[in-house]
Amino acid sequence: MEAYFDNSATTKVLDEVKDIVVKVMTEDYGNPSAKHKKGMEAEQYVRQAAAEVAKTLKVKEKEILFTSGGTESNNMALVGTAMANMRAGKHIITTRIEHASVYNPMAFLEQQGFEVTYLPVDSQGHISLEELKASLRPDTILVSVMYVNNEVGAVEPVEEIASIVHSTVPGAVFHVDAIQGYGKFRIRPKSQGIDLLSVSAHKIHGPKGVGFLYIDEKVKIKPILLGGGQQRGMRSGTENVPGIAGLGVAAREAYRDFDEKIARITDLKDYLIDSLNSLEGVTINSQKGSAGAPQIVSASFAGVRSEVLLHALEDKGIYVSSGSACSSNHPAISGTLRAIGVKNELLDSTLRFSFGLFNTREEIDYCVRVLGETLPVLRRYTRG
């Protein structure tokens, strides 16, 4: 049996997504900047995808900028906004549990002379709204807080954050990394006060190498890719039309029968948490039900290194993560786990299980049975 529980790293594409990607690559393969029929056909796919995405957020099509994925969307949001607004101030606020595609651009901006405040989180992974309020200053130009933490599934109170930011420093821009939140929550940037929103297609059963950045039409932002002036000059380079078409379909499907899908994935999450709690020496770092994201479970397994357990599960056809896949080339102890206060002896004993549309309870039963057989053996080996 095979059980893929690494959907927060990437997902299997839907058949409908695969079909449109192949069609665009092999039949409607024109360059959308070309003036002939093939080019206009390609441009129509880009427009249709923008319409599909904008519909899910209830925003304008012109506010959707297609990118190569979440990392570029976050870089564009942070660096582009900081550079466009630096005359108004050079203070930025973020959190201690952001993805590498946020904290590395923050480090870059610090090198450029910006000052960054990193807000701590509590044991559930949530920032303090009082600390946020106290950190805001007249020269704060940008606040960036993720919607859902990619490691433990903590859901930040983005609406309350937006309200505090905009009422305290009206000129500040509020960016949300929604790479793990889009498709799992109904997101309405206009009513929630979100100015910039980053999304990646391959987290919602779409293709890799494509994403989008929602940019409220009032936001001042500079392009970070310069060239032929595609996408209204905001992101030069020939558009990835097959990927964009696939993203449009994935976005539409993510919000079709939304409540039923989310209820089912949340049920799987809660079932796994209950099942893991029946095993000895397991600590759950995620919250059940609607208190946390529907798709993510972080669990620490006392006395076993996460990498050893990961490969033991892999040998049985079970695929999980020992952290963010994007950080796998630079293995280090998770800053998120430290920030939420996970005990030192469990920091290197933690795995992430993440669900998608194709997972079943039977897969969870299989996984927990394998864990029940494997953990005592690995612990004896470790002690020996």
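Figures for the structure shown
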| item | result |
| --- | --- |
| Given (1) open to solvent by less than 70 Å² (accessible area, probe 1.4 Å); (2) at negative phi, index of the condition Asp315 fails | (1) |
| Criterion violated by Arg47 - all others in (1) assigned to a loop (DSSP other than H, G, I, E, B); (2) open to solvent by 100 Å² or more (accessible area, probe 1.4 Å) satisfied | (1) |
| Subset of region 75-108 (residues that are small (Gly, Ala, Ser), surrounded by fewer than 19 Cβ atoms within 10 Å (Cβ to Cβ) and within 19 Å of Leu225 (Cβ to Cβ)) | Ala84 |
| Some residue of region 152-161 being in a helix (DSSP H, G or I) and surrounded by 16 or more Cβ atoms within 10 Å (Cβ to Cβ) | yes |
| Meets criteria (touching a helix residue (DSSP H, G or I) at 6+ places or on another chain (Cβ under 7 Å) and either open to solvent by less than 20 Å² (accessible area, probe 1.4 Å) or modelled with pLDDT under 95 (or both)) for Thr67 | yes |
| Residue check, Glu130 farther than 16 Å from Ile187 by Cα and either within 19 Å of the chain's Cα centre (by Cα) or open to solvent by 40 Å² or more (accessible area, probe 1.4 Å) (or both) | yes |
| Enumerated helices (runs of 4 or more DSSP H) restricted to region 53-143, each holding at least 3 residues that are in contact with a Gly (Cβ under 9 Å, 6 or more places away or on another chain) | 70-75 |
| Those residues of region 109-124 which are surrounded by 14 or more Cβ atoms within 10 Å (Cβ to Cβ) and either touching a helix residue (DSSP H, G or I) at 6+ places or on another chain (Cβ under 7 Å) or under 17 Å from Val165 (Cβ atoms) (or both), in sequence order | Leu109, Phe114, Glu115, Val116, Thr117, Tyr118, Leu119, Val121 |
| Any hit, region 358-374, residues being more than 21 Å from Gly153 (Cα to Cα), modelled with pLDDT of 95 or more, aromatic (Phe, Trp, Tyr) and open to solvent by 20 Å² or more (accessible area, probe 1.4 Å) | yes |
| Of all residues making up region 182-230, the number that are under 22 Å from Ile161 (Cβ atoms), in a loop (DSSP other than H, G, I, E, B) and touching a Pro at 6+ places or on another chain (Cβ under 8 Å) | 3 |
| Checking Ile164 against (1) under 30 Å from Ser123 (Cβ atoms); (2) open to solvent by 10 Å² or more (accessible area, probe 1.4 Å); (3) not in a helix (DSSP H, G or I), the condition it does not meet | (3) |
| Region 111-137 residues that are on the phi > 0 side of the Ramachandran plot, paired with ones that are open to solvent by less than 50 Å² (accessible area, probe 1.4 Å) and of a type in the set (A, V, I, L, M, F, W, C) (beta carbon under 8 Å, 6 or more apart) | Gly125/Ile97; Gly125/Val152; Gly125/Ala154; Gly125/Ala339; Gly125/Ile340 |
| Yes/no for Gly233 being crowded, with 18+ Cβ neighbours inside 10 Å, of a type in the set (Gly, Ala, Ser) and in a loop (DSSP other than H, G, I, E, B) | no |
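Here's the yes/no breakdown for (1) over 13 Å from the mean Cα position of the chain (by Cα); (2) under 14 Å from Ala9 (Cα atoms); (3) free of Cβ contacts under 8 Å to residues at least 24 places away in the same chain:
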| site | (1), (2), (3) |
| --- | --- |
| Ser163 | yes, no, no |
| Phe174 | yes, no, no |
| Asp177 | no, no, no |
| His202 | no, yes, no |
| Gly206 | yes, yes, no |
| Leu213 | no, no, no |
| Asp216 | yes, no, no |
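The values are calculated or read from the model by the stated rules, or taken from the named source; none is laboratory data. Quick caveat: nothing in here was measured; it's all calculated off a predicted structure. Positions of Cβ are backbone-derived with ideal geometry, glycine not excepted, and every protein chain shown enters the neighbour counts. We work out accessible area using only protein heavy atoms, side chains counted, and drop any ligands, DNA or RNA first. Shrake-Rupley method; radii C 1.70, N 1.55, O 1.52, S 1.80 Å.
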